[in-house]
Amino acid sequence: MLKTYIKSDLARLDHPSFRNFFRYYFFPQGTTFRYQTWFRLMQFVKNSRLLKYTVGPVVYLMFRHYEYKYGIHLNSNTPVGKGLCIVHGNGVYLNCRSIGDNFTCYQNVTLGKSRGGGYSIYWE
């Protein structure tokens with residue numbers, strides 16, 4: 001499940017292969033693929049009982065680190081569909097109930113509310 005989500009996020013940038021994963025993760029050029037990878041890993045760990053308490057704290061700290069580094073806040077409880085693409089960070093605040101497939105977000109975007117329920121975003 002985790003692998004398919006990361007592959008679909010990578011497919012929005014380039015052909016999903018290990019070489020391109022390595023390229024976009026370790027040598028990011030204007031993309032936030034590294035943040036998206038830790039976001040997907042955070043969602044996977046939250047849904048796993050065993051991993052939640054063993055590697056969960058490390059994944060949480062890395063996720064928060066990249067959240068501050070790239071200037072993106074995406075609630076880890078938000079279900080996000082396949083093909084997430086956050087092109088530039090720096091002022092992205094997404095606090096929604098759910099986000100559908102193939103969602104693209106640019107910099108300085110705020111979606112949702114700071115308190116209470118959020119909005120659902122679906123693209124068809």
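With a Förster radius of 25 Å applied to the beta-carbon distance between Ala11 and Tyr53, the computed FRET efficiency rounds to 0.20. How would the chain be classified by its alpha-carbon gyration tensor: rounded, prolate or oblate, with rounded meaning a/c under 1.5 and the a/b versus b/c comparison settling the rest? Rounded, because the longest to shortest axis ratio a/c is under 1.5.
Taking chymotrypsin sites (Phe, Trp or Tyr not before Pro) as candidate sites, keep only those in a DSSP loop with at most 13 other Cβ atoms within 10 Å, then name the longest stretch of the chain containing none of them. Numbers along the way, then the final one.
Numbers: sites that count: Tyr106, Tyr119, Tyr122, Trp123.
The reported range is 1-105.
Counting only residues at least eight positions apart within a chain, or on another chain, the lysines with an alpha carbon under 20 Å from that of Lys82 are Lys3, Lys7, Lys46. Heavy-atom accessible surface of the chain, averaged per residue, reaches 61 Å², computed with a 1.4 Å probe. Extension gain, Asp101-Phe26: 0.36 nm per intervening residue step, less the Cα-Cα distance, totals 24.5 nm. Would you check the accessible area of Lys46, probe 1.4 Å, heavy atoms only, in square angstrom rounded to 10? Estimated to the nearest 10 Å², Lys46 gives 70 Å².
Here is the size of region 1-51 from its Cα atoms: Rg then Dmax, 11.4, 35 Å. The Lys46 and Val87 beta-carbon pair, evaluated with R₀ = 25 Å, returns a calculated FRET efficiency of approximately 0.50.
Computed from backbone phi, the HN-Hα couplings of region 61-73 come to 5, 5, 4, 5, 4, 6, 5, 6, 5, 8, x, 10, 10 Hz, rounded to whole numbers (Karplus: 6.51 cos²θ - 1.76 cosθ + 1.60, θ = phi - 60°; Gly and Pro given as x).
Near the amide H of Asn75, within less than 5 Å, lie the amide hydrogens of Leu94, Cys96, all on another chain or at least 5 residues away, with H placed in the peptide plane. Heavy-atom accessible area, probed at 1.4 angstrom with all protein chains present, ranks Val55, Val45 as Val55, Val45, highest first.
The values are calculated or read from the model by the stated rules, or taken from the named source; none is laboratory data. Bear in mind that the values here come from a model prediction, so they are computed numbers and not experimental data. Every residue, glycine among them, receives a Cβ derived from its backbone with ideal geometry; neighbour counts consider all protein chains shown. Surface areas here come from the heavy atoms of the whole protein model, side chains and all, with no ligands, DNA or RNA. Shrake-Rupley method; radii C 1.70, N 1.55, O 1.52, S 1.80 Å.
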